Amino acid sequence: MTGDASRASVLVVDDDPKSRLALRALLDDMGLRVVSAASGDDALRRVLEDDFAVVLMDAHMPGVDGFEATSLIRQRERSRHTPIIFLTGAYEDAPSVARGYEAGAVDYIVKPPVPEILRSKVGVFVALYEKNAELRRGILERRRAEERARRSEDNLRALAARLQRVREEEWARIAREIHDELGQALTGLKMDLKWLAGRLAPGQDALEERAWVMAARIDEAVQSVRRIASGLRPEVLDQLGLFAAIEWQAADFQRRSGIRCLVSLPEAAPELDAERSTAAFRAFQELLTNVARHANATRADVRVIVNAGTLALVVADNGRGIEPRAVDHPRSLGLLGLRERVMPFGGTVEIAGVAGEGTTATVSIPLAVK
Ligand SMILES: Nc1ncnc2c1ncn2[C@@H]1O[C@H](COP(=O)(O)OP(=O)(O)OP(=O)(O)O)[C@@H](O)[C@H]1O
Ligand SMILES: [Mg+2]
């Protein structure tokens, strides 16, 4: 069959062997695969097994005649659209042709056929069939390509999500170690220093003063350790949850940047798993960093809204307004990362700016898998 697969097939249905042979001979050099059926029944069997570019159907046959065979062919899924050309005797009248059309034929030819007419009519349907086959192949190919693209996008997304998770875990571990190990070492140092200072003989003012300076330096180092550790992974996020972490981050942001940052939260905090909390919090940090770096704003209003099973985090600044170009720009990696952050939960990020008035960013995260 494979050798024939590239050739269009034509089904010739006629109870008269001589007619079948004549039709075959006429179609012989058209490069077609010609299949013969000797009865209406036989034709019905053939169209179940094969796809035909066109069927040449003798109208009058004993048993299942051409009209009946045509309407049965029309009713079958596989042959529903297969064009059928009727072959009627020259003596037959208009009603017979009309019946053929009624049964579902698309054309008719008077027997004996004029070779040029037969060949040109068959040629039209074969060309149509081949065109259709080509279109179908194209559609199939495009579907496959889309499927491939979708799969590789899924893979990349899964990889990105995994990298985020690994990075968060790594940061949390480093934060814990810095906090615990360095923190304890510094606390120990400070106690030792106090002990030493307490044993200085009276009148050792220079040494005593140096001890004070050292103690102050140790305090600063403790502060740095806290700052670095909570920069990596804010304890408040794990201990008090997303809302507390947002308030803490906003206050910290205001203190450092001088940009007024007010937070409005819903009364009740929703149930939120650690991964969603982390994603929302990191998104928030990125948005605030952008306000500080790009907006030239004097205030940033933060609102959290929980509605219809979705948590929305809105950060609106009164700065220069993000350019539309920057929103979707492939090199806006911070914003891209933001989208990727919330993608695993079916979340979205919308950012819009008005020149000279400010930028509003909304991060939405569904609270549960839908
Ligand atoms: N709040 C804002 N106001 C005005 N412009 C903004 C704001 N946020 C972002 N932008 C613009 O959008 C661009 C893309 O932001 P994005 O966070 O993707 O990158 P980035 O902050 O420049 O670098 P990073 O990868 O470190 O985040 C910025 O370079 C800036 O021009
Ligand atoms: Mg950024």
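A short reminder: the numbers here are calculations on the coordinates, not readings from a lab. It should be emphasised that the depicted structure is a prediction, and the values quoted were computed from it without experimental measurement. So basically every Cβ, Gly included, is an ideal-geometry build from the backbone, and we count neighbours across all protein chains shown.
Could you work out the relative contact order of the range 161-232, using alpha carbon pairs under 8 angstrom and six or more residues apart, expressed as a whole percent? Before the final figure, lay out each step's value.
Working: 31 pairs, mean separation 38.3, N = 72.
Answer for the range 161-232 is 53 percent.
What dipole magnitude, in Debye to the nearest 20, does the chain give about its Cα centre under +1 on Lys/Arg Cβ and -1 on Asp/Glu Cβ? Taking the Cα centre of the chain as origin, the dipole is about 1000 debye.
The relative contact order of the range 240-366 comes to 24 percent, based on Cα pairs under 8 Å that sit 6 or more residues apart.
So for the range 292-347, averaging the separation of alpha carbon pairs under 8 Å that are six or more residues apart and normalising by length, what relative contact order in percent results?
So the answer I get is 28 percent.
The alpha carbon gyration tensor of the range 2-113 gives principal lengths a ≥ b ≥ c with a/c of 1.5 or higher and a/b no greater than b/c, which makes the shape oblate.
Shown for HIS81, HIS179: other C-beta atoms within 10 Å of each C-beta, ranked fewest to most, produce the order HIS81, HIS179. Mind checking the range 286-358 for trypsin sites (Lys or Arg not before Pro) that DSSP puts in a loop (not H, G, I, E or B) and that have at most 14 other Cβ atoms within 10 Å? Here the trypsin sites (Lys or Arg not before Pro) that fit, given the DSSP loop and packing criteria, are ARG331.
Among the trypsin sites (Lys or Arg not before Pro) in the range 72-156, those located in a DSSP loop and surrounded by at most 13 other Cβ atoms within 10 Å of their own Cβ are ARG76, ARG78, ARG80. Each part gets one Cα centre, and for the range 236-252 versus the range 4-49 those centres are 79 Å apart.
When the GluC sites (Glu not before Pro) in the range 280-370 are filtered for DSSP coil states and for at most 16 other beta-carbon atoms within 10 Å of their beta-carbon, the remaining sites are GLU357.
If you take the alpha carbon atoms of the chain and fit the smallest convex hull around them, that volume is 251 Å³ per residue.
Over the range 235-280, what portion of Cα pair distances is larger than 16 Å, expressed as a whole percent? The calculated P(r) of the range 235-280 puts 40 percent of pairs beyond 16 Å.
Here the range 222-294 is assigned +1 on the Cβ of each Lys and Arg and -1 on the Cβ of each Asp and Glu. Its dipole about the Cα centre then comes out at about 520 debye. Basic side chains Lys and Arg get +1 at the Cβ, acidic Asp and Glu get -1 at the Cβ, and with that the dipole of the range 1-92 about its Cα centre reaches some 260 debye. The alpha-carbon atoms of the range 240-366 define a convex hull whose volume equals 97 cubic angstrom per residue. For the range 161-232, the extents of the C-alpha atoms along the principal axes are 63, 14, 9 Å, listed from largest to smallest.
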